[in-house]
1. Any residue at all in the stretch 332-342 that is crowded, with 17+ Cβ neighbours inside 10 Å and under 17 Å from Y231 (Cα atoms)?
2. Which count do you get for residues in the stretch 190-235 that are charged (D, E, K, R) and either part of a loop (DSSP other than H, G, I, E, B) or under 21 Å from D79 (Cα atoms) (or both)?
3. Looking at P247, P251 in this structure, which one is part of a loop (DSSP other than H, G, I, E, B) and touching a Gly at 6+ places or on another chain (Cβ under 9 Å)?
4. Output the number of the condition that R182 fails; it satisfies all remaining conditions of (1) under 25 Å from the mean Cα position of the chain (by Cα); (2) modelled with pLDDT of 95 or more; (3) outside any strand (DSSP E or B); (4) crowded, with 19+ Cβ neighbours inside 10 Å.
5. Out of A203, A107, A124, which single residue is within 24 Å of M290 (Cα to Cα) and either charged (D, E, K, R) or out of contact with any strand residue (DSSP E or B) (no Cβ under 8 Å at 6 or more places or on another chain) (or both)?
6. Mind checking which residues of the stretch 187-218 are on the phi < 0 side of the Ramachandran plot, among the hydrophobic types (A, V, I, L, M, F, W, C) and out of contact with any Cys (no Cβ under 8 Å at 6 or more places or on another chain)?
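The values are calculated or read from the model by the stated rules, or taken from the named source; none is laboratory data. Computed from a prediction, not measured in an experiment: that's the story for all the values here. Note that we place each Cβ from the backbone using ideal geometry, even for glycine, and neighbour counts take in every protein chain shown. For the accessible areas, the whole protein counts, side chains as well, though only heavy atoms, and no ligand, DNA or RNA atoms are used. Shrake-Rupley method; radii C 1.70, N 1.55, O 1.52, S 1.80 Å.
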Amino acid sequence: MRSDVRRAGAAAAALAIVLAGCGTTNSPGGQQGASGPGQVGATVPLLTSPFWQAYNNYVPKMATESGVAALPTVNANSDPAKLITDMTNLLNQGVKGLVVTPLDSAAVVAGLAQAERKGVPVVAVDVAPESGKVAMVVRADNRAYGTKACEHIGGKVKQGKVVQIQGDLASVNGRDRSEAFRECMTAKFPGIQILDLPAEWKAEKASSGLESLLTANPDVKGVYMQAGGVYLAPTLQALKRKDLLHPVGDPKHVVAVSNDGIPQEFEAIRKGEIDATVSQPADAYAKYGMYWIKKAMAGETFKAGPTDHGSTIVEVRPGILEDQLPAPLVTKENVDDKSLWGNQL
């Protein structure tokens, strides 16, 4: 209920900002110098997560490699309404393309509508919008994240309680990971009881919520963290405070699987603190965000099917195409793989 109220408020605030926005129409143009037409505006959802810090650092690098003139990134700071303000400001600066990372799949639609009226193409990274016009969504299959976590935990925990620390359910990512995890557990591991912990991608919510859950359920056998960038540290701290942080192989070990692929997760895998993570491709998100916006600014259109970079474009909803990039499961067996972006920082 609380999430619904917040989502409605964000959407209303976003719409109000759009209606207040200014208005000459800009049409897509070609890339030129840093002060000329053809600039791209890029947003990040937050910078308190090591994952988004990494993505933020990749954006200017990948823009340069792609021959795209990108303005400095703008941080929405976990506020869906601020993201719309950021999009409005970038459009008013005359950008000819936007690469945005939505926080709320519904609220961002207002910003997409403004960009469409101005003739400015938009590429969404990591999160797909509920509706609206985007040239491409650059994203990994988030349902696969939940399924991979389920299968890994279920392979080690045959029955008992498993905590799912969820992302923001106003985001399609949070919903996809949660639904897939639950569906997989129900179908394949009926002896496991899921304890959902909605944490909205916020470390403080994960910390306080997990503390309470572990107090009430000291017999927890597993934890699924939907975002290691913000949930890893509070999870390990809570397990340690409850004397539940035991290494892999110890009979008292709580099986833990995460999502993100940050260096801190890799180190936790090496130490035996957690079992696995899904490496969400921060580098490829930045690379192909710039790849697709450059093509869209040149007037190209796209269709479903295989790409030239080892992924597949799928139509996830009518009119919304998604370039689904690979996101491998990382365990002790492959944690030192040099091709993983988390080992390249």
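1. Among the residues of the stretch 332-342, at least one is crowded, with 17+ Cβ neighbours inside 10 Å and under 17 Å from Y231 (Cα atoms), which makes the answer yes.
2. Residues in the stretch 190-235 being charged (D, E, K, R) and either part of a loop (DSSP other than H, G, I, E, B) or under 21 Å from D79 (Cα atoms) (or both): 5 in total.
3. From the options P247, P251, the qualifying one is P247.
4. Tallying (1) under 25 Å from the mean Cα position of the chain (by Cα); (2) modelled with pLDDT of 95 or more; (3) outside any strand (DSSP E or B); (4) crowded, with 19+ Cβ neighbours inside 10 Å, R182 fails exactly one: (4).
5. Result: A107 is the single residue among A203, A107, A124 that is within 24 Å of M290 (Cα to Cα) and either charged (D, E, K, R) or out of contact with any strand residue (DSSP E or B) (no Cβ under 8 Å at 6 or more places or on another chain) (or both).
6. A187, I192, I194, L195, L197, A199, A203, A206, L210, L213, L214, A216
For (1) among the aliphatic types (A, V, I, L, M); (2) at pLDDT 95 or above; (3) open to solvent by 10 Å² or more (accessible area, probe 1.4 Å); (4) within 23 Å of P50 (Cβ to Cβ), each residue gets a yes or a no:
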{"residue": "K156", "(1), (2), (3), (4)": "no, yes, yes, no"}
{"residue": "D176", "(1), (2), (3), (4)": "no, yes, yes, yes"}
{"residue": "F189", "(1), (2), (3), (4)": "no, yes, yes, no"}
{"residue": "L197", "(1), (2), (3), (4)": "yes, yes, yes, yes"}
{"residue": "A206", "(1), (2), (3), (4)": "yes, yes, no, yes"}
